[in-house]
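Working notes, structure below.
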Amino acid sequence: MTSSSTTKKKFPLHLKILIGMVAGILFGIGMWSVSGGKDLIMDWIKPLGTIFVNLLKLIAIPLIVASLIKGISDLKDISKFRKMGGRSILLYIGTTIVAICIGLLMVNIIRPGEGMPQETIQKMTDTYAGNSNISEKFAEADSQISSGPLDFLVDMVPSNVFQALGDNGNMLQVIFFVIFFGIAMLLIPEEKAKPLKDFFDGLNDVILKMVDLIMLSAPYAVFALMASVVVSSEDPAILVGLLGYALTVVGGLFLMIVFYLILVGLVVKKNPFWFLKQLAPAQLLAFTTSSSAATLPVTMERVEEHLGVEKEVASFVLPVGATINMDGTSLYQAVAAVFIAQTLGVDLTFGDQMIIILTALMASIGSAAVPGAGMVMLIIVLQAIGKFDPVQIQIGLALIFAVDRPLDMLRTTVNVTGDATVSMMVAKSLGKLGDPHVQEWDDHLENFGGDQKH
Ligand code: ASP
């Protein structure tokens with residue numbers, strides 16, 4: 001490394017990502033009015049963003065396997081693992097209930113659905129009721145409903161580990177197998193387990209380095225993703241009609257972030273602004289990709305290296321959280337369900353709102369961590385209330401569809417922030433919150449010829 005590189009101050013990656021985002025939005029807006037602009041972005045720019053998201057998904061499963069096996073095999077005392085599991089689940093359920101209650105409070109106080117002009121409702125219904133995206137969501141919701149009450153337990157145990165590893169949607173199956181494997185490793189003589197442990201140690205470091213390398217391209221990728229989101233978004237005139245609803249969700253999500261910051265300050269006893277700053281790259285990625293699963297590798301990297309949560313906690317709590325903890329999603333579902341009822345003139349009793357709390361909680365556990373999954377589970381919430389006929393549910397989804405993508409981006413950011421907050425609380429309670437051991441994205445790159453450190 002040359003001396004100049006050490007003296008030069010590096011421009012932080014999260015600022016570069018932010019610049020990429022803003023530039024992508026501006027470019028998308030600029031291209032909106034240019035003829036052929038949308039095609040140009042979709043054909044030539046969006047693929048860069050898709051490659052980036054694929055790269056992140058590519059390493060998610062190997063990262064979970066390597067880091068969880070390393071985490072468990074480093075454990076001295078297996079009872080800590082049980083405590084960690086219990087506390088994570090309780091905190092996940094607790095924060096999700098808080099999120100749903102905030103959503104319900106906001107929508108009942110603001111009442112964004114009351115007095116919505118009939119012609120706006122008609123326009124939305126005409127535009128979106130037959131939309132193929134909405135029909136797909138109904139089909140997905142149907143397949144979720146047809147499963148039995150204990151199927152979620154059965155689904156957690158894979159019958160073929162390679163099949164489970166081969167599908168990013170099977171995160172819980174992978175976690176189940178890896179925990180089983182890790183515990184068995186603890187139960188065989190140490191010298192026999194050592195080669196495996198060393199192997200997974202090395203694998204873990206390599207994958208974390210892959211996260212770093214992928215993140216170096218993040219500013220360009222978010223540019224591509226944001227530009228494509230902007231050019232494929234809906235007519236702004238339609239969005240205006242939904243402003244009250246959208247602002248209610250946004251206000252609720254904001255309060256949820258404040259709630260996390262209070263938890264970080266009071267329970268974890270860390271500076272909330274420091275927490276936000278360290279987590280920022282993961283939040284920005286969650287926002288641009290709308291997928292907590294795709295963001296997971298970066299969330300794990302930030303929480304472990306920059307927030308100081310020890311590996312055995314981060315490697316369990318975060319993948320589980322990405323799968324079952326979606327505070328932003330359940331808050332949105334609560335607001336959306338009541339908003340639809342208000343718009344269609346359906347009266348919801350206190351009991352109905354209790355049903356929303358229960359089903360939105362289950363939906364948060366059942367939702368996939370991918371774009372648009374929250375809307376599928378919203379169908380199930382609406383059906384569970386039992387006061388909407390199928391046509392009303394169709395109209396309801398058509399009503400909120402236009403603003404779903406921007407709200408998805410925001411709720412995914414909240415989902416990821418919630419996972420990180422819970423991982424810090426669990427780590428703190430088990431004495432496993434240490435000092436951050438920051439590794440820079442571009443550490444060691446100078447070994448490849450050329451000084452890349454500025
Ligand atoms: N996109 C969200 C996530 O990945 C899920 C949803 O709310 O649709 O966390």
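The values are calculated or read from the model by the stated rules, or taken from the named source; none is laboratory data. Keep in mind that this is a model prediction, so the values were computed, not measured. Note: ideal-geometry Cβ built from the backbone for every residue, glycine included; neighbour counts use all protein chains shown. The accessibility values were calculated without ligands, DNA or RNA, using every heavy atom of the protein model including side chains. Shrake-Rupley method; radii C 1.70, N 1.55, O 1.52, S 1.80 Å.
Annotations
- In straight-distance terms, cross-link reach from Lys197 covers every one of the lysines whose alpha-carbon lies under 27 Å from its own, apart from those fewer than eight places away in the same chain; here that gives Lys57, Lys70, Lys76, Lys80, Lys83, Lys209, Lys311, Lys428, Lys432.
- 222 nm mean residue ellipticity, helices alone, for the chain (DSSP H n ≥ 4; -39,500 (n - 2.57); rounded to 500): -24500 deg cm²/dmol
- Helix 404-429 axis, angle to the chain major axis (alpha carbon atoms, nearest 10°): 40
- Cα-based helix-to-principal-axis angle, 350-366 vs the chain, degrees rounded to 10: 40
- Taken about its Cα centre, segment 1-138 carries a charge dipole of roughly 940 debye when the Cβ of each Lys and Arg holds +1 and the Cβ of each Asp and Glu holds -1.
- Nearest-20 debye value, the chain charge dipole, Cβ charges on Lys, Arg, Asp, Glu: 1080
- A Cβ-based charge dipole, computed about the Cα centre of segment 135-220 with Lys and Arg at +1 and Asp and Glu at -1, lands at about 220 debye.
- Surface composition of segment 10-72: carbon plus sulfur atoms hold 74% of the accessible area, using a 1.4 angstrom probe and ignoring ligands, DNA and RNA.
- Proximal lysines relative to Lys387, as straight alpha-carbon distance under 28 Å, when same-chain residues fewer than 8 apart are discounted: Lys123, Lys137
- Relative to the longest principal axis of the Cα atoms of the chain, the long axis of helix 272-289 makes an angle of roughly 60 degrees.
- Given charges at Cβ of Lys, Arg, Asp, Glu: segment 24-141 dipole, positive-most of Ser79, Leu55, Ile121: Ser79
- The fraction of accessible area contributed by carbon and sulfur in segment 278-335 is 60 percent, rounded to a whole number (1.4 Å probe; ligands and nucleic acids excluded).
- Since only Ala368, Ile355, Thr343 are under comparison, the one whose Cα sits farthest along the positive direction of the charge dipole of segment 293-425, derived from C-beta charges on Lys, Arg, Asp and Glu, is Thr343.
- Counting only protein heavy atoms and a 1.4 Å probe, the chain has 44 square angstrom of accessible area per residue.
- Between segment 309-362 and segment 211-265, the alpha-carbon center distance in angstrom: 18
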